[in-house]
Each structure stands twice: as C-alpha cells, then as structure tokens.
Amino acid sequence: MKYQFFLLTAFTQLVTARFSVNVGVETVNGKCTVDFLPSDDVLGSVYCATSSDCHTNGNDIATAHAKCSTPKGDADLFIYPKDTLKFCRTGFCSCMNTRKTKHVPGQNGDLNLYNANDDHAWPC
C-alpha cells in the first residue's frame, strides 16, 4: 500500500486488550485493498496477507476478508457492514466493533484506517 507511513503511525498505539487489530483500507478507482495488522497476546504473532477481497461504501468499508496464520493454525478476519469485525481462529469466533480512526485523501484514491479490540467483544 502507498500509505504505509500512515499505517505505521496509526498502528503504534498502546492497546490494553488481549486481541487488537488495526485495519488499513486503500481505495483506488473504486477498487480496494485491505491490510489487517492483528496483535494477539494468547496466540502470539498473527500474519494476514494484504487482501483485495473487500468492498467499499463511499468512504467507508462495506466488507473485507483476509486469511491469516497464527502459531496455532489458520485464522480468518472479516469486516461486515455496521462496523463489525469478526475474528475466527481455532474453532471459535469473536466479534467486536470497529472504529474509524483516520481518513487520508489521496490523489488517485483514499486511505481509511480502523481499529478494533476485544475489550467489548462477544462470541459470534
């Protein structure tokens, strides 16, 4: 993604939750790519490849999905309309609200940053 500097700045915040994720959605000419940067104190490092499995609704994310890997197996991250993130791993899914943290307008597209954590998560 072109706006890696902004992503790194947004993703360096301190989080007290056991699980947290920062999401960067870049939209160029109506197409989007999404980067999920999760942190999980229980599973350890979680890696998610950049995904083009996403759709936008104006300046907001409508849906997104990425396959991820953890030391304990594969995981999936989803974002649904109404600002809900779903994290599925090792046979369990939890949902949490996402918060839009920044909108960065660009010459050919936009970058939107979101974050979520499990401080107020629910099983789903």
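The values are calculated or read from the model by the stated rules, or taken from the named source; none is laboratory data. All figures in this text were calculated on a predicted structure; none of them were measured in a lab. Cβ placement follows ideal geometry from the backbone for every residue including glycine, while neighbour counts extend to all protein chains displayed.
What are the pairs with Cβ atoms under 9 angstrom where one residue, in the range 65-78, is farther than 16 Å from SER20 by Cα and the other, located anywhere, is among the basic types (Lys, Arg) and at pLDDT below 90? Sequence gap at least six, or different chains.
Cβ pairs passing all conditions: LYS72/ARG89; GLY73/ARG89; ASP74/ARG89.
Does any residue in the range 49-63 that is among the charged types (D, E, K, R) come within less than 9 Å, Cβ to Cβ, of a residue that is surrounded by 13 or more Cβ atoms within 10 Å (Cβ to Cβ) and not in a strand (DSSP E or B) six or more places away or on a different chain, and which pairs are these?
Pairs found: ASP60/ASP83.
Take LEU85 and decide whether it is under 14 Å from TYR114 (Cα atoms) and modelled with pLDDT under 80.
The answer is no for LEU85.
Can you confirm whether the range 106-122 contains a residue that is over 15 Å from ASP35 (Cβ atoms), of a type outside the set (Val, Ile, Thr), surrounded by 14 or more Cβ atoms within 10 Å (Cβ to Cβ) and more than 11 Å from the chain's Cα centre (by Cα)?
yes
Looking at (1) under 17 Å from ASP40 (Cα atoms); (2) among the acidic types (Asp, Glu); (3) in a strand (DSSP E or B), which one does ASP119 not meet, given that it meets all the others?
It is condition (3) that ASP119 fails.
Suppose we keep only residues that are among the acidic types (Asp, Glu) and over 18 Å from TRP122 (Cα atoms) within the range 19-46. Which one would you say is surrounded by the fewest Cβ atoms within 10 Å (Cβ to Cβ)?
Filtering first and then ranking leaves ASP35.
Which members of the range 35-69 meet the condition of being modelled with pLDDT under 90, in a strand (DSSP E or B) and either in contact with a helix residue (DSSP H, G or I) (Cβ under 7 Å, 6 or more places away or on another chain) or acidic (Asp, Glu) (or both)?
ASP40, ASP60
Name the single residue that is modelled with the highest pLDDT among those in the range 2-34 being in contact with a helix residue (DSSP H, G or I) (Cβ under 7 Å, 6 or more places away or on another chain) and among the hydrophobic types (A, V, I, L, M, F, W, C).
PHE19
Quick check on my filter: what residues within the range 61-101 are over 21 Å from GLY44 (Cβ atoms), among the charged types (D, E, K, R) and surrounded by 14 or more Cβ atoms within 10 Å (Cβ to Cβ)?
Result: ASP83, LYS100.
Output the number of the condition that LYS102 fails; it satisfies all remaining conditions of (1) modelled with pLDDT of 85 or more; (2) part of a loop (DSSP other than H, G, I, E, B).
Among (1) modelled with pLDDT of 85 or more; (2) part of a loop (DSSP other than H, G, I, E, B), the lone unmet condition for LYS102 is (2).
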